[in-house]
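Read the figures in this text as sums done on the coordinates, not as results from a lab. What you see is a predicted model; the values in this text were computed from it and never measured. Here the Cβ is made from the backbone with ideal geometry for all residues, glycine too, and neighbour counts use every protein chain on show.
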Amino acid sequence: MRLDQINILQGDAFVVSDRQGDINPAANVPDGLFYRDMRHLSRWQLRLNGHQLEALSADNLEYDEVVFFLIEPTGTIYRNPSLSVTRRREVATGMQERITVHNFGNTPVAFELTMIFDADFADIFDVKDQMSKTGHLYRHRRDGGISLGYSRADFCRETHIDAPGAFVTEESLTFRHELPPGQEWGIDIQIRVGVEVDAALQRRHHHPDMPYSIREWLDASPILDTDWDDLLHIYHRSLLDLAALRFYPFVGDRASLPAAGLPWFMAVFGRDSLLVSYQMLPFHPELAYTTLRALAERQAIHEDDHRDAEPGKILHELRNGERAHFGERPQSPYFGAADTTPLFLIVLDEYERWTGDTQTVQDLQPAARAALRWLETYGDLDHDGYIEYQTRNPRSGLVNQCWKDSWNSVVHPDGSLAKLPRATCEIQGYAYDARRRTARLAREIWNDPGLAERLERDAEELYRRFNTDFWLPDLGYYALALDGDKKPVTTLTSNIGHLLWSGIVPPERVDALAALLCGPRMFTGWGVRTLADEQPAYNPLEYHNGTVWPHDTAIAAAGLARYGHRDEANQLAMGLLQAGHHLRHRLPEALAGYPRESTLVPVLYPTACSPQAWAAGAPMMLLRMMLGIDPEPDTMAVRPHLPEDLRRLALHGVRFRGARVEALAGTAAHDLDRLRPIPGARELQ
């Protein structure tokens, strides 16, 4: 995210521009109006009397609306302009822009207002990898507007620009007007998108992708009460970002899922959607409900090398652009993730614990059993009890199929790549947790005690073997992975935090891991580095080898709290939340891994998504951790342990099993373990 960048988004449409509101063509930069993975405007530049305007200010009115205040430059500080321009823009399934010109002079002013436009219809993969188009671009002028189009075989996308009163050429709209003193003149320009292959997706203009309005979303959210003002703003910003990232990824499906992040990942990602759903269960459990159902419906049922699909596997990524449509990229959908399937089982159990919705667990029993079979067969490539991965698609499949899925994320301390196939440690922790959780579902809901007992035995065997094979006694931590020769990859990484979260770590080893996670090798002061410093592979600006990811730090904090290390968990939480103070209260996808004492302020990773779903969900996970809220069979436990600098913390209206309850801590509570329903609270269906 650039410092001069302005974003608005709603569901699967978003706009990225500069602070003047202009969309400027540039290679490898995701500026433009995008809809369902393709760019429908690649140039949108406003000129007044042939001049580029200067920005006085620009700010979001809401996640889907922005206003720009502009002036025509005079070329000298001694003369102020008489004309100023306001651009007000809204995005939905397309874009609407209201342009208003104001004359604050005392004489009439004749002016010419021009909008220069273009549409390259670049697939998001075209932008990222600078790929060329092979289809046919066309455009058709009409009175007051123009249509721009792209076609290739049965794939067609169009952009329709409507500008009443404009003189239209094939690359510009021009308005000429004389404005009396003290008056204003305005024009509304409408941009509609056409998607021939997905015609059923054309919906109403206003908030087309939201199951209920932003006000209803906020009203349905628990109310945060705290004496720390920054935390209030971070919480509100996270709620708004998660609302904006919801969209319908499946034709004819009412399921609203969170997209992973803007601009590169405005699509469904199984891993991201599942982890965000987990983070948000006490706040908005409907995200988990729709995520679980939608992913189960699209669970793989046969082998497909191109898509890395295997029976029972949960999808990794779904795209709707040209490259996926023609099979040039495998994301239609793509299944190249070894962790989404155990995470599906983890979230299914956690969803039932928070909601009591046993019917959904019954409905998804076939999908859960298929996921278990994948863990035991396809997921375990060499039948040694561990989940390994190696892509079936060496041409365009992912080399790494863990959450750190960049090509160089699984390396030895010297930076050399680990041999394939790879069994990363955190996936074994997920598999352990998934078996234990699914055993509970089998016993209590599916009435299958035999399956429950087998899963518990398998989990205990995995626990025993993992803690022998992955533990590095001379180093005092777990190996990042076992490589293709079953040799430990001894790199120290944040993956150890995920192991604590999964519960696969024996209690006697937790102190050593806590000291590492909170020590200077891993903790920057803002969060936990993905890869510890003082190793040759470390780089504070390497995507997965030294950066700080908010969701990763929140998982580590939750893992520490699970084992009773509440002070260490709070240390991580406070560092991350304090970073939000410097970032306009929005946590981005990733931060650079520089130490806090060196930079004094958090440093953004250069191409971090913002907003990004599981970064927005990280504060929710930290609130759960600090308040110690956890679902139990008949009640929600509240066991708070606040950081020293936080004196009051409360959540009013936590969503628990169809009721609204309170979690109170510090000066907000008379009884720290109190649990009260809120009278008159309504439950969203």
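Would you mind counting up the charge near PRO633? Only other residues with Cβ under 15 Å from its Cβ, with Lys and Arg at +1 and Asp and Glu at -1. All intermediate terms of the calculation are to be shown ahead of the outcome.
Numbers: positive: ARG353, ARG437, ARG440, ARG443, ARG657; negative: ASP349, GLU350, GLU352, ASP357, GLU444, ASP630, GLU632, ASP634.
Charge balance near PRO633 sits at -3.
So for the pair TYR138, GLU216, with labels modelled 7 Å out along Cα→Cβ, what separation do we get in nm?
Rounded to a tenth, the inter-label distance reads 4.1 nm.
Could you work out how much longer the chain between GLU508 and ARG457 gets when fully extended? Use 0.36 nm per residue separation minus the Cα distance between them, nm to one decimal.
Once the chain is fully extended between GLU508 and ARG457, it gains 16.2 nm.
Sequence gap of 8 or more, or different chains, plus Cα separation below 19 Å: how many lysine pairs satisfy both in the chain?
Details: LYS128/LYS404; LYS313/LYS404; LYS404/LYS419; LYS419/LYS486; LYS419/LYS487.
For the chain, the number of qualifying lysine pairs is 5.
Taking amide hydrogens as modeled 1.01 Å from N in the peptide plane, which residues meet the under 5 Å criterion relative to VAL489, leaving out close sequence neighbours?
Placed amide hydrogens put LEU480, ALA481, LEU482, ASP483 under 5 Å from VAL489.
Could you work out how much longer the chain between PHE104 and THR667 gets when fully extended? Use 0.36 nm per residue separation minus the Cα distance between them, nm to one decimal.
197.3 nm
Please state, to two decimals, what the Cα-based radius of gyration of the stretch 433-554 comes to when divided by 2.2 N^0.38 Å (N = residues).
Scaled against compact globular proteins, the figure is 1.23.
Report, by chain and number, residues whose modeled amide H sits under 5 Å from the one on GLU112, excluding near sequence neighbours (fewer than 5 apart, same chain).
It is ASN49, by chain and number.
Just the ratio, please: alpha-carbon radius of gyration of the stretch 536-683 over 2.2 N^0.38 Å, N its number of residues.
1.16
If each of GLN359 and LYS487 carries a label point 7 Å out from its Cα toward its Cβ, how far apart are those two points in nm?
If labels sit at GLN359 and LYS487, their model points lie 5.6 nm apart.
If the chain between ASN24 and HIS51 were fully stretched, how many nm would it gain, using 0.36 nm times the residue separation less the Cα-Cα distance? Display every interim value, and only then the final one.
Numbers: separation 27, 0.36 × 27 = 9.72 nm, distance 1.48 nm.
Roughly 8.2 nm would be gained on extension.
Report, by chain and number, residues whose modeled amide H sits under 5 Å from the one on ALA267, excluding near sequence neighbours (fewer than 5 apart, same chain).
Result for ALA267 returns ALA260, GLY261.
When all alpha-carbon pairs of the stretch 337-423 are counted, what percent fall beyond 16 Å?
61
Can you compute the label reach from ILE77? Point 7 Å from Cα along the Cβ direction, backbone N cut-off under 18 Å, restricted to the stretch 48-65.
54-56
Report the local net charge at VAL410: Lys and Arg +1, Asp and Glu -1, summed over other residues whose C-beta lies under 15 Å from its C-beta.
-3
Could you work out the local net charge near GLN535, counting Lys and Arg as +1, Asp and Glu as -1, over the other residues with Cβ closer than 14 Å to its Cβ?
-2
Counting each DSSP H run of 4 or more residues in the chain as -39500 (n - 2.57), what helix-only mean residue ellipticity at 222 nm follows after dividing by all residues, to the nearest 500 deg cm²/dmol?
Calculated from helices alone, the mean residue ellipticity at 222 nm is -8500 deg cm²/dmol.
Apply the Karplus parameterisation 6.51 cos²θ - 1.76 cosθ + 1.60, with θ equal to phi minus 60°, to every residue of the stretch 259-270 and state each ³J(HN,Hα) to the nearest whole Hz, in sequence, with x for glycine and proline.
Each residue's phi maps through the Karplus curve to give 5, 6, x, 9, x, 7, 10, 7, 7, 6, 10, x Hz.
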